[in-house]
Each structure stands twice: as structure tokens, then as C-alpha cells.
1. Can you tell me the relative contact order of the chain? Whole percent, Cα pairs under 8 Å, sequence separation 6 or more.
2. Which order do Lys201, Lys252 take by accessible area at a 1.4 Å probe, largest first?
3. May I ask you to rank Thr299, Thr117 by accessible area, largest first, using a 1.4 Å probe over the protein chains only?
4. Subtracting the Cα-Cα distance from 0.36 nm times the residue separation, let me have the gained length for Trp305 to Leu91 in nm, one decimal.
5. Name the residues whose placed amide hydrogens come within less than 5 Å of the amide hydrogen of Met144, ignoring near sequence neighbours (fewer than 5 apart) on the same chain.
6. So what is the 222 nm mean residue ellipticity for the chain from helices alone, if each DSSP H run of at least 4 adds -39500 (n - 2.57) and you divide by all residues, rounding to the nearest 500 deg cm²/dmol?
7. Going highest first, how would you order 173-183, 224-234 by mean Cβ packing within 10 Å?
8. Using a Förster distance of 22 angstrom, determine the FRET efficiency expected from the C-beta separation of Val240 and Phe220, and round it to 0.05.
Amino acid sequence: MSMLQLLWFVLIAVLFSGFFFLEGFDFGIGMSLRTVAKTDAEQDALIDSIGPHWDGNEVWLITAGGAMFAAIPYWYASLFSGFYIILLIILLGLIYRGVSFEFRGSMETSKYRDLWTTISALCSFIVPFFFGVLFTDVVAGMPMDKEGNILATAGFFDYLNVFSIIGGVALALLSYMHGLNYMRLKLLPGELVTRAANQLKVLYPVLLVGEVAFAVALYFSTDFFVEKPVLTVALLAAVVLLTVLSWFASLKNHQMVAFLALGLVIIMIVVLLFVGLFPRVMVATDPANSILLKNATSTPYTLKWMTGIALTTVPIVIAYQAWSFWTFRQRIKVNGK
């Protein structure tokens, strides 16, 4: 395995980490439209809080998909064909969530305005849930042939099982709580922020229980503890410790610390999955049919050119997003309150 192959595996992990960190709080804000906000003014304030950023945050996902296609095409082909239905659901969720913001603002009656608010909240849950299902299925293993094709015999419970559902719920819950922490950072103090803080007091213990359940399911559903026991335990410990840090920071009203610590929990989970996956990119129930990174990448020439392009463009994207967050850093009022 070459350094360029390893580099692009790491870069794709970084891109997915960036997507789930940045878009995670967008999903959380979307879900909050129905679970925290009670009035049109509060819903408007929540949408305004992510308005300048949500579509830019999705660039990380597009870039991750493009990087997989160009750098590790065998992985891309196996993943996108084998998980076609799940990825279609994710795509539709992203589309409907995006247009819901525009359609909601254009509706002249409260009935249809409420309808698009509900669609936005529902899609904001569906997308992280099915991403969680997708990634847990990938590391747990699927019935595949030696060409990397997921077999037609793969049934419903190969895709949706205890481990994948735990993974889906965990990512959706993390995104929701990430959004609540972002809300406390972005909105001026008031009833809406107070309700978010009260929900977080209840949800942090639930999250810790969920992380234990995820660790147990990981033990029984993957080979992580056999192949990489030290790294797996260390990363799971980091997840728990960061969650506790975020919880106590939230209770002490250290909003930035709570937000960043929970965001790092999301990143640590992505790192855990990629570390456990390596040196494979797709895990088969028959280990002989798993797709290895060294056999799945493009030619060294292609990887060399892509590396040059990435080193040029990624810093520009990061700089632009940093400028965007700085420019729109002011806290938002809820209907002037």
C-alpha cells in the first residue's frame, strides 16, 4: 500500500468528519423546528441561524463523494450500488430539506407553512439516521461476492438490524443535541434557548447510555475489538470523556466548550469507524471477499494529480467557511426579543 493510497483514505475520513460536524448542527436545528420551537417567530429565528451556512456545509459531503469516485472508485462502485435504496432516501431527504426552507417562506397560509416545517424537521432526522445505518452496515459487513457486489440474497435485516438501528439513532441524537448546543450559541437568551438547555439536561444521560449500547453492539457486530483492541477502546473512551465534558460545560453554561466537545464526539465516532475499517474499504461477511484499500484505488498518476488539486482547493474552502461564520457571528433575536 502506497502513502498516496493511505493519504486519500484519511482525506475521505476528514471530509466525512467535516460534513457530520458542520451539517450535524444543521440537522439538529431542523429537528428543533418541531421539538423546541413553538411559534413562527421562533422557527424563523432557527432557520435564520443556519441560513448562511447549511448549503455550504453540504459541500463537504459532495466533495467526499467526489473524492471516493475519483480516488477509490472500487469503493464508490460497491457502496453506491449495494446501498442504492438507502442512499436514494438520503438524497431525497437532502433535497426536500433544502427546498423546504424556500417553500416554507413562500407559503401564504399557515397550513402549508406548517406542512413544510414538518417536512424540514422530518428530513433533518431521516438523513443522519440513514447515514448512521449506512456506516454501521459497512463496518459490520454485508454479503458480497469476490467482485465487491453486494449479493441479491442480502435481505431487509442485513440492512436494518439492531446494530444499524443503534447507529442510526445515535447519529440522529448526536446531531439533534449538536443543534441544541449551536442554538444556545447562536440565539440571544430567551425562552427558546431555555427550552433547549432544559432538553439537553435530559438528553446527555440518554446519550451516554446510547454510547454504551453502541459499544456493546460494536463488540458483537464487528471485529474491531479483535483486530484493533487498543485503538478501539481508546477512541470509545474519548467519545465518553468528551460527552461528559460537553455535559458539564452545558450545565455550567460554557456554551462554546459544550458545542465543540460534542462536535468532537461526532468526529471521534467517524475516526473510530474508519480506523476499524482500515485496511478495508468494504467489509464482507466472508472476509475473503472484503475490498482492501490497496486494491480499490485509482492509479498513482491519478492520485498524484488529485493530491495537488486537493492541497490547493481544500484550504480555500476552509478559509471561505471560516470567513462566513465570522461574518455572520452575531447572535439572532427571536422576534425582536
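1. On the way: 439 pairs, mean separation 91.5, N = 337.
This gives 27 percent for the chain.
2. Values: Lys201 115, Lys252 145 Å².
Ranking Lys201, Lys252 by accessible area, largest first, yields Lys252, Lys201.
3. Details: Thr299 75, Thr117 0 Å².
Most to least solvent-accessible, the answer reads Thr299, Thr117.
4. Details: separation 214, 0.36 × 214 = 77.04 nm, distance 2.91 nm.
Value of the extension gain: 74.1 nm.
5. Close amide H contacts, sequence-distant or interchain: Leu151, Thr285, Asp286.
6. Values: 15 runs with 267 residues, N = 337.
That calculation yields -27000 deg cm²/dmol at 222 nm.
7. Working: 173-183: 27.3, 224-234: 14.5.
Result, highest mean Cβ count within 10 Å first: 173-183, 224-234.
8. Values: r = 19 Å, r/R0 = 0.85.
Approximately 0.75, to the nearest 0.05.
The values are calculated or read from the model by the stated rules, or taken from the named source; none is laboratory data. Please read these numbers as outputs of a predicted model, since none were measured by experiment. All Cβ positions, glycine included, derive from the backbone under ideal geometry; neighbour counts span all protein chains shown. In case anyone asks, the SASA skips ligands and DNA or RNA and just uses the protein heavy atoms, side chains included. Shrake-Rupley method; radii C 1.70, N 1.55, O 1.52, S 1.80 Å.
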